[in-house]
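Chemist: Sharing a structure with you now.
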Amino acid sequence: MSRRRGTLVALVVVGIVALVGASIAGYAIVAGGGSTTPTTALGTPGFVDETASAGVDHVFDGPITFATGGGIAAFDCDADGRPDLYVAGGAGPAALYRNESRVGGALRFARVADPATDLAEVQGAYPLDIDGDGNVDLAVLRVGETVLLRGLGGCRFERANETWGFDGGNADATAFSATWEAGAAFPTLAVGRYLKLDATGAETLDCDTSVLVRPDASGTRYGPSVELAPGYCPLSMLFSEWDGSGRRDLRVTNDRNYYRDGMDQLWRIAPGEAPRAYTPDEGWVPLQVSGMGIASRDLDADGYPEYFITSQGDNKLQTLASGPAQPRYRDIAKKKGLTLAQPATGGDTLPSTAWHPEWVDVNADGFVDLFVTKGNVSAQPGFATKDPSELMLGQPDGTFTGAAEGAGIVTFDRGRGAVLADLNLDGLPDLVEVFYGAPVKVWRNVGGGDAATPKPMGHWIELRLSQSAPDPDAVGAWIEVKVGDALLRREVTVGGGHASGELGWLHFGLGPSQKAQVRVRWPDGEQGAWMDVAADGFYTIERGAGQPAPWTPPQS
């Protein structure tokens, strides 16, 4: 893609969830009940555009250098359980928004102005607790210096590059991921750098070199960065345990319009070893795409994640071809109905340009769905200019069907980053999307109802992991949810997407089931026991605890 060319509450009692005895989308929801295997896909949930009233008045914009940014982070910066937002601004200032939404009600946010967060030239941001103090920090990607912001609580932040010994460099940072290596007190960070900048800060047409930053011997500061060379213009990267080994390697998707003789990459990242890229001799199959986003999910519950890679034209869904002995992947996007090569509506038949991918069960039927943002780079010839983002609903047979138009989220602005998070804590994942050169949009998921009377479509749970520092959010853990005979699995990661990240409640749809079992394989490999949870509630799973702790959302 060339920029130049172109989180025991048996039931959380809130109004929209109190549906005991009601029949919803064919499911008889009654008090008590057992664990029922999801077998029927539910319909399209409704999304209400609340941009005008939500208080998020923001535009990501700027010259062509910013055309490959536009990220957003969702995380809890004031410890009230509600996801707050940090939105990139491009040439203008980024913006932090505190979530003031009432449970199950309309979405409401208040701008938090602060020089620490109102940074200019921001492409995107990712939340994580770097120092393990219980306050979420931010890794802010910029055209210029990448900045680490230390969370102070109460949605206040301070610059921490010097305190933590982090050299943000001078680069166009467009990708990020983080993981905790064994024995380390600080996370290992990977920063993807796109095109090189010259002495004046202007872009060249040469791919820059990405870097890996590990903590030094003290464990409380970072050492010198290590180059991930060669660099092929990355737009997304993700630490992920692709092979069940307990080691989290770094997957990188790159923009083929700038590199020569390059490909997407998988870097082996082992404690105490220098990073090295897997080669074709080791089974890595060269993949050359205009790579812009990565989303991982274990779709078939075999213990290994699949990876959705966004691009221009055909998108890719990669699965291990012959087990975990080698990183050999094959594409199953066409088989699943997920190539998304052209706009689904609007009349434009040119190839699509896809950016941020995210897996989430928006209708809570027990089958994970996929949201993908789309939009032309700028006015790039040969690619669709009317290119709306797409929502693909998962089906019982493993395929997906388009639903953006029925959901009410179609717009022809140029989509970039996004978050799908339960902003008003009603069990329904809401949507915030960032556009290049157009205002951010905020949609409330009302399920099978409307703005006045939202209705959940299936049962759900939301989980949050907790363990001692370092890595208090258990990044690198695997969560398993057993619903009848079905098994839902997801890895806890920081990174991927397109310049956009989330940290907080993890949503699982349960379909018709009134309860589920959950267990956690913690980042160091320790396997927890199966634990029972009732549907339609929030639970914190504390490492070493015998049962998940129910959490009640704030009522004001």
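The values are calculated or read from the model by the stated rules, or taken from the named source; none is laboratory data. Everything numeric in this text was worked out from a predicted model, so none of it was measured. Every residue, glycine as well, gets a Cβ built from its backbone with ideal geometry; the counts of neighbours run over all protein chains shown. These area figures cover heavy atoms from the full protein model, side chains too; ligands, DNA and RNA do not enter into them. Shrake-Rupley method; radii C 1.70, N 1.55, O 1.52, S 1.80 Å.
Chemist: Which residues, counting only those in segment 105-127, are in a strand (DSSP E or B), open to solvent by 20 Å² or more (accessible area, probe 1.4 Å) and closer than 19 Å to A173 by Cα?
Modeler: Residues satisfying the conditions are A120, E121.
Chemist: Which residues, counting only those in segment 480-495, are among the hydrophobic types (A, V, I, L, M, F, W, C) and either over 30 Å from A175 (Cβ atoms) or open to solvent by less than 20 Å² (accessible area, probe 1.4 Å) (or both)?
Modeler: V481, V483, A486, L487, V492, V494
Chemist: Out of all the residues in segment 203-231, which are open to solvent by less than 40 Å² (accessible area, probe 1.4 Å), outside any strand (DSSP E or B) and at negative phi?
Modeler: Of everything in segment 203-231, those that are open to solvent by less than 40 Å² (accessible area, probe 1.4 Å), outside any strand (DSSP E or B) and at negative phi turn out to be D208, T209, G223, G231.
Chemist: Anything in segment 243-263 that is open to solvent by 10 Å² or more (accessible area, probe 1.4 Å) and not hydroxyl-bearing (S, T, Y)? List them, or say none.
Modeler: First, the residues of segment 243-263 that are open to solvent by 10 Å² or more (accessible area, probe 1.4 Å): 243-248, 256-261, 263.
Of everything in segment 243-263, those that are open to solvent by 10 Å² or more (accessible area, probe 1.4 Å) and not hydroxyl-bearing (S, T, Y) turn out to be D243, G244, G246, R247, R248, R256, N257, R260, D261, M263.
Chemist: Here's a follow-up. Going through segment 67-81 one residue at a time, which ones are open to solvent by 10 Å² or more (accessible area, probe 1.4 Å) and over 19 Å from A113 (Cβ atoms)?
Modeler: Filtering segment 67-81 for residues open to solvent by 10 Å² or more (accessible area, probe 1.4 Å) gives 76-80.
If the condition is that a residue be open to solvent by 10 Å² or more (accessible area, probe 1.4 Å) and over 19 Å from A113 (Cβ atoms), then D76, A79, D80 are the ones that fit.
Chemist: Same structure, new question: Output the residues belonging to segment 313-357 that are open to solvent by less than 60 Å² (accessible area, probe 1.4 Å), of a type in the set (G, A, S) and either at pLDDT below 95 or outside any helix (DSSP H, G or I) (or both). Spell out the reasoning first.
Modeler: To start, the set of residues in segment 313-357 that are open to solvent by less than 60 Å² (accessible area, probe 1.4 Å) comprises 313, 315-321, 323-324, 327, 329, 332-333, 336-341, 343, 345-346, 348, 351-357.
Checking which are of a type in the set (G, A, S) leaves us with 313, 321, 323, 333, 337, 341, 346, 352, 354.
Passing the criteria: G313, A321, G323, G337, A341, G346, S352, A354.
Chemist: Look through segment 168-226, keep the residues that are polar (S, T, N, Q) and under 16 Å from V143 (Cα atoms), and return whichever of them is farthest from the chain's Cα centre (by Cα). Give the steps one after another, and end with the answer.
Modeler: So the first thing to find is which residues in segment 168-226 are polar (S, T, N, Q), and the list is 170, 174, 177, 179, 188, 200, 204, 209-210, 218, 220, 225.
Narrowing further to those that are under 16 Å from V143 (Cα atoms): 170, 174, 200, 204, 209-210.
Working: N170: 26, T174: 15, T200: 33, T204: 29, T209: 24, S210: 21 Å.
That would be T200.
Chemist: Okay, next question. Within segment 271-312, can you find the residues that are assigned to a loop (DSSP other than H, G, I, E, B), small (G, A, S), modelled with pLDDT of 95 or more and farther than 30 Å from D348 by Cα? If you could, list the steps in order and put the result at the bottom.
Modeler: Looking only at segment 271-312, we keep the residues that are assigned to a loop (DSSP other than H, G, I, E, B), and these are 271-275, 278-279, 283-289, 291-292, 299-305, 311.
Still in the running and small (G, A, S): 272, 274, 283, 291, 301, 303, 311.
Pick out the ones that are also modelled with pLDDT of 95 or more and you get 274, 283, 291, 301, 303, 311.
Across segment 271-312, the qualifying residues are A274, G283, A301, G303.
Chemist: Report, ordered by the first and then the second residue, all pairs with beta carbons closer than 7 Å, sequence separation of six or more or different chains, a first member in segment 191-206 that is within 21 Å of V226 (Cβ to Cβ), and a second member that is of a type in the set (A, V, I, L, M) and surrounded by fewer than 19 Cβ atoms within 10 Å (Cβ to Cβ).
Modeler: Correct list of pairs: L195/L205.
Chemist: Still on this structure: Among the residues of segment 87-104, which ones are part of a loop (DSSP other than H, G, I, E, B), open to solvent by 10 Å² or more (accessible area, probe 1.4 Å) and in contact with a strand residue (DSSP E or B) (Cβ under 9 Å, 6 or more places away or on another chain)?
Modeler: The initial filter retains those residues of segment 87-104 that are part of a loop (DSSP other than H, G, I, E, B), namely 88-89, 94, 100-104.
Remaining after also requiring open to solvent by 10 Å² or more (accessible area, probe 1.4 Å): 100, 102-104.
Once the filter is applied, which keeps residues that are part of a loop (DSSP other than H, G, I, E, B), open to solvent by 10 Å² or more (accessible area, probe 1.4 Å) and in contact with a strand residue (DSSP E or B) (Cβ under 9 Å, 6 or more places away or on another chain), segment 87-104 yields only E100.
Chemist: Scan D387, D397, D369 and give me the residue that is closer than 29 Å to A438 by Cα and over 20 Å from the mean Cα position of the chain (by Cα).
Modeler: Details: D397 fails: closer than 29 Å to A438 by Cα; D369 fails: over 20 Å from the mean Cα position of the chain (by Cα).
When all the criteria are applied, what remains is D387.
Chemist: The conditions are (1) open to solvent by 10 Å² or more (accessible area, probe 1.4 Å); (2) in a strand (DSSP E or B), and P381 fails exactly one of them. Which is it?
Modeler: The failed condition is (2).
Chemist: If you check A451, A469, A474, which single one turns out to be open to solvent by less than 10 Å² (accessible area, probe 1.4 Å) and not polar (S, T, N, Q)?
Modeler: On the way: A451 fails: open to solvent by less than 10 Å² (accessible area, probe 1.4 Å); A469 fails: open to solvent by less than 10 Å² (accessible area, probe 1.4 Å).
Only one candidate qualifies: A474.
Chemist: List the pairs whose first member sits in segment 405-429 and is more than 16 Å from D361 (Cβ to Cβ), whose second member is β-branched (V, I, T) and open to solvent by 10 Å² or more (accessible area, probe 1.4 Å), and whose Cβ atoms are under 7 Å apart, counting only residues at least 6 apart or on separate chains?
Modeler: Going by the 7 Å Cβ cut-off, the qualifying pairs are E405/T345; G406/T44; V410/T345; N424/V103; L425/V103.
Chemist: Another one. Only one of these conditions is not met by A41: (1) at pLDDT 95 or above; (2) assigned to a loop (DSSP other than H, G, I, E, B); (3) aliphatic (A, V, I, L, M); (4) under 29 Å from F176 (Cα atoms). Which number is it?
Modeler: Failed condition: (4).
Chemist: Name the single residue, out of those in segment 46-66 being of a type outside the set (A, V, I, L, M, F, W, C) and within 24 Å of G449 (Cα to Cα), that is most open to solvent (accessible area, probe 1.4 Å).
Modeler: D49
Chemist: Hey, another quick one. Within segment 537-556, identify whether any single residue is modelled with pLDDT under 95, more than 21 Å from D471 (Cα to Cα) and in contact with an Asp or Glu (Cβ under 7 Å, 6 or more places away or on another chain), and answer yes or no.
Modeler: Among the residues of segment 537-556, at least one is modelled with pLDDT under 95, more than 21 Å from D471 (Cα to Cα) and in contact with an Asp or Glu (Cβ under 7 Å, 6 or more places away or on another chain), which makes the answer yes.
Chemist: Still on this structure, I have one more. Which residue pairs have Cβ atoms closer than 8 Å, lie 6 or more positions apart in sequence or on different chains, and pair a first residue in segment 272-290 that is open to solvent by 40 Å² or more (accessible area, probe 1.4 Å) with a second residue that is part of a helix (DSSP H, G or I)?
Modeler: If the second residue must be part of a helix (DSSP H, G or I), the pairs left are P286/P280.
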